[in-house]
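The values are calculated or read from the model by the stated rules, or taken from the named source; none is laboratory data. What you see is a predicted model; the values in this text were computed from it and never measured. Every residue, glycine among them, receives a Cβ derived from its backbone with ideal geometry; neighbour counts consider all protein chains shown. Accessible surface is based on the protein model in full, side chains and every heavy atom, while ligands, DNA and RNA are left aside. Shrake-Rupley method; radii C 1.70, N 1.55, O 1.52, S 1.80 Å.
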Amino acid sequence: MKRAGFVPWPAETARRYRESGCWQGRPLGAWLWEWADGRGDRTALVDGEHRLSYRELAARADALAESLAERGLGDGDNILVQLPNGWEFVVTTLACFRLGVAPVMMLPPHRAYELTSIARHVDARALVVPDRWKDFDHQTLAHEVAAELPGRPLVLVAGEEVRPDSLDLRALATPGEDVEARRKRLDERAPEPDEIALFLLSGGTTGLPKVIGRTHDDYAYNIRASAAACAITEDTVYLTVLPAGHNFPLASPGILGTLWAGGTVVMLPSPRPDAVFAAIERERVTTTSAVPAVALSWSRAAADCGRDLSSLRHVHVGGSVLSPELAATIGPALGCRLQQVYGMAEGLICYTAPDAPDEIAHTTQGSPISPHDELRVEGPDGQPVAPGGIGEMLTRGPYTPRGYFRAPEVNARSYTADGWYRTGDLVRITEGGQVVVCDRVKDLINRGGEKIAAGEIETLVQEMPQVAEVAAVAAPDPEVGERVCLFVRLHEGRTLTLAEVGAELTARGLAAFKIPERFEVLAELPHTPVGKPDKKALRALLNDPTKGAA
Ligand code: J2J
């Protein structure tokens, strides 16, 4: 292993995954020219006016890979990738796979706090950002962050306004004449398949950065099995609207599943219904994915949108709880079938089948993609619950690594000694083997599919001089499912407002989606017997308007 701190599967288990064909022993970058050779001029990628064939995609990814290599990056290095949904995201990801550089999939709303802590955690050698995005100057921030980091990482910029001290990603990804020779040079330096191919961010429950290293072998299987479970073929036209760095649009089956199957990927930087419907009509989109809040906005807007949505066959919905009532509206509103998805960046993915009867598609989150996925549902006593009972889901399998990267303390809590990942989700499994997500025991807030670690917010707020004690809990919300509500006890004589908390967290460089949206000052916080804030009691307070929390 080139990177210390990855928790591999035990040798015997790895052998089993190889022998059963789950792991095929080829790095993800090897797919690139196989695709190009087989499909040449077919359209692989659409981004507005840009249309890249499979061959052009391979040539651009190779050009960028070699440019990175010329600047000293190679197998075993890690870089942060924070790009909006556009062709540059896909080319950068594939270039990294080719070279053995692992991209850490950051999200466009991340700011100095997230960039700095993750870059330190993985020893990032470069930051890849847009010049500007949604009125924010990412290029300047990337340089500020890089200046504070050991080894002064490179800054690569995708955009029109590239500073002289940045590298111009679009220029570096221009293939020129040397395509065939470059292909050979890169083939010769291909990474090993059991190395880390990429890092995904975890929704996390602590203030510590948690990144998930995914190997070439395991992610390739994740992609192939997801594409198979969703019947993705070369006829698929997949529309990417969720932020591409999330595991869901990236590989469940998403962008990589569609490219693997020979389909066409359309990148759209916004989930707004008008933009989505226009793209569906223009590109004859067959498949897309959304979190429930986004699917809800589409369902509402579809009726009189004036667009031809008849090409749409499947919409994958997951990332947070979808009520059966809403689930039942999605298919009829959009004229397609709903597939529910229950997945996690840590590994395990479940889908309802593309042709599942409504009863299953509307009320369950489907079944795992691999016969080698192991599921265990445990009661609070650590014993398996009776069949059909509700408990915490634990899982192991060929695309669920055995620990977070460089996080032994977190791993001791989140993984059992024999390698089961504790999902923190309360589920039950139906007689037909379908998973139903009922609740969760982990301490996070799921805001429209974006996971926010309560501990991360609490650690920062606790440092404010006014604050004696703090607890962040999920406030139910009809639009995005949950929003962050902050309960605080203040030091005597001090005052604090929601706006002041927001200003402080923004100044600390926290992503905007994590900023608390509700705020309650209490004279005392309720406590559990071990003296921690009693979040169950706080949530009950939120749900009971007579108790004063608004
Ligand atoms: C309820 N909760 C769900 C669902 C995820 C595909 C789809 C989603 C993710 C994802 C993903 C849920 N109903 N249908 O990586 O590949 C909650 C659970 C889970 C956590 C994982 C994919 N689908 N969840 O959401 O790593 O609590 O991955 O443990 O962001 O989201 O979050 P994340």
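Return the only residue of 389, 366, 347, 397 being open to solvent by 10 Å² or more (accessible area, probe 1.4 Å) and among the small types (Gly, Ala, Ser). Walk me through how you get there before you give the answer.
On the way: 366 fails: open to solvent by 10 Å² or more (accessible area, probe 1.4 Å); 347 fails: open to solvent by 10 Å² or more (accessible area, probe 1.4 Å); 397 fails: open to solvent by 10 Å² or more (accessible area, probe 1.4 Å).
389 is the lone residue from the list that is open to solvent by 10 Å² or more (accessible area, probe 1.4 Å) and among the small types (Gly, Ala, Ser).
Could you tell me whether any residue of the range 293-312 is open to solvent by less than 10 Å² (accessible area, probe 1.4 Å) and within 13 Å of the ligand (Cβ to nearest atom)?
Yes: the range 293-312 contains one or more residues that are open to solvent by less than 10 Å² (accessible area, probe 1.4 Å) and within 13 Å of the ligand (Cβ to nearest atom).
Output the residues belonging to the range 253-275 that are of a type outside the set (Ser, Thr, Tyr), in contact with a strand residue (DSSP E or B) (Cβ under 7 Å, 6 or more places away or on another chain) and open to solvent by less than 10 Å² (accessible area, probe 1.4 Å). Even if it seems obvious, please write down each step before you answer.
Applying the first criterion (of a type outside the set (Ser, Thr, Tyr)) to the range 253-275 yields 253-257, 259-263, 265-269, 271-275.
Add one more test, that the residue is in contact with a strand residue (DSSP E or B) (Cβ under 7 Å, 6 or more places away or on another chain), and what stays is 254-255, 259, 263, 265-268, 271.
Scanning the range 253-275 gives 254, 255, 259, 263, 265, 266, 267.
List every residue pair whose Cβ atoms lie under 9 Å apart, where the two residues are 6 or more positions apart in sequence or sit on different chains, the first residue falls within the range 443-465 and is on the phi > 0 side of the Ramachandran plot and within 16 Å of the ligand (Cβ to nearest atom), and the second residue, located anywhere, is in a helix (DSSP H, G or I) and not aromatic (Phe, Trp, Tyr).
Pairs found: 448/292; 448/293; 448/294; 449/292; 449/293; 449/294.
Give the residue, chosen from 40, 86, that is modelled with pLDDT under 95, within 28 Å of residue 235 (Cβ to Cβ) and either open to solvent by 20 Å² or more (accessible area, probe 1.4 Å) or in contact with a strand residue (DSSP E or B) (Cβ under 8 Å, 6 or more places away or on another chain) (or both).
Values: 86 fails: modelled with pLDDT under 95.
None of the others qualify; the one that does is 40.
With the requirement that a residue be touching a residue at least 60 places away in the same chain (Cβ under 8 Å) and either closer than 20 Å to residue 348 by Cα or touching a strand residue (DSSP E or B) at 6+ places or on another chain (Cβ under 7 Å) (or both), what does the range 276-295 give you?
Residues of the range 276-295 that are touching a residue at least 60 places away in the same chain (Cβ under 8 Å), as a first pass: 283, 291-294.
Passing the criteria: 283, 291, 292, 293.
Find all pairs meeting these conditions: Cβ atoms under 9 angstrom apart; at least six residues apart or on different chains; first residue within the range 386-414 and in contact (Cβ under 8 Å) with a residue 60 or more places away in the chain and over 23 Å from residue 350 (Cα atoms); second residue of a type in the set (Val, Ile, Thr) and assigned to a strand (DSSP E or B).
Close Cβ pairs satisfying both conditions: 405/196; 405/211; 405/212; 406/211; 407/211.
Restricting attention to the range 350-363, which residues are in contact (Cβ under 8 Å) with a residue 12 or more places away in the chain, open to solvent by 50 Å² or more (accessible area, probe 1.4 Å) and away from the ligand (no atom under 15 Å from the Cβ)?
Scanning the range 350-363 gives 355, 358.
What is the residue count in the range 316-332 for residues that are within 18 Å of the chain's Cα centre (by Cα) and either more than 13 Å from the ligand (Cβ to nearest atom) or hydroxyl-bearing (Ser, Thr, Tyr) (or both)?
Matching residues across the range 316-332 total 1.
Taking residue 176 as meeting all but one of (1) in contact with a Pro (Cβ under 7 Å, 6 or more places away or on another chain); (2) away from the ligand (no atom under 16 Å from the Cβ), write down the number of the exception.
Every condition holds for residue 176 apart from (1).
Tell me the helices (runs of 4 or more DSSP H) entirely within the range 136-243 that contain at least 2 residues that are at pLDDT 95 or above and closer than 30 Å to residue 457 by Cα. Write out each step before concluding.
Numbers: elements: 138-148, 169-172, 179-188, 216-229.
Per the criteria, 138-148.
Would you say residue 45 is closer than 24 Å to residue 215 by Cβ and out of contact with any Asp or Glu (no Cβ under 7 Å at 6 or more places or on another chain)? Spell out how you get there, then give the answer.
Values: closer than 24 Å to residue 215 by Cβ: no; out of contact with any Asp or Glu (no Cβ under 7 Å at 6 or more places or on another chain): yes.
Criteria not met by residue 45.
Could you go through the range 437-445 and let me know if any residue there is at pLDDT 95 or above, farther than 28 Å from residue 20 by Cβ and surrounded by 21 or more Cβ atoms within 10 Å (Cβ to Cβ).
Yes, the range 437-445 contains a residue that is at pLDDT 95 or above, farther than 28 Å from residue 20 by Cβ and surrounded by 21 or more Cβ atoms within 10 Å (Cβ to Cβ).
Has the range 519-542 got at least one residue that is over 21 Å from the mean Cα position of the chain (by Cα) and under 30 Å from residue 316 (Cβ atoms)?
Let us first name the residues in the range 519-542 that are over 21 Å from the mean Cα position of the chain (by Cα), namely 519-542.
The next check asks that each one be under 30 Å from residue 316 (Cβ atoms); those that pass are 539.
Yes: one or more hits.
Here are some conditions: (1) at pLDDT 95 or above; (2) away from the ligand (no atom under 15 Å from the Cβ). Residue 270 meets all but one. Which one does it not meet?
(1)
Among the residues of the range 58-66, is there at least one that is under 29 Å from residue 510 (Cβ atoms) and charged (D, E, K, R)? First the steps, then the outcome.
Pass one, the range 58-66, residues under 29 Å from residue 510 (Cβ atoms): none.
Scanning the range 58-66, I find no residue that is under 29 Å from residue 510 (Cβ atoms) and charged (D, E, K, R), so the answer is no.
Identify all residues within the range 395-438 that are at positive phi and within 13 Å of the ligand (Cβ to nearest atom); write none if there are none.
424
So residue 27 ticks every box in (1) within 23 Å of residue 400 (Cβ to Cβ); (2) exposed (fewer than 14 other Cβ atoms within 10 Å of the Cβ) but one. Which box is left unticked?
Every listed condition holds for residue 27 apart from (2).
If I ask for residues that are outside any helix (DSSP H, G or I) and of a type outside the set (Gly, Ala, Ser), which ones from the range 357-366 would you list?
So the first thing to find is which residues in the range 357-366 are outside any helix (DSSP H, G or I), and the list is 357, 364-366.
Scanning the range 357-366 gives 357, 364, 365.
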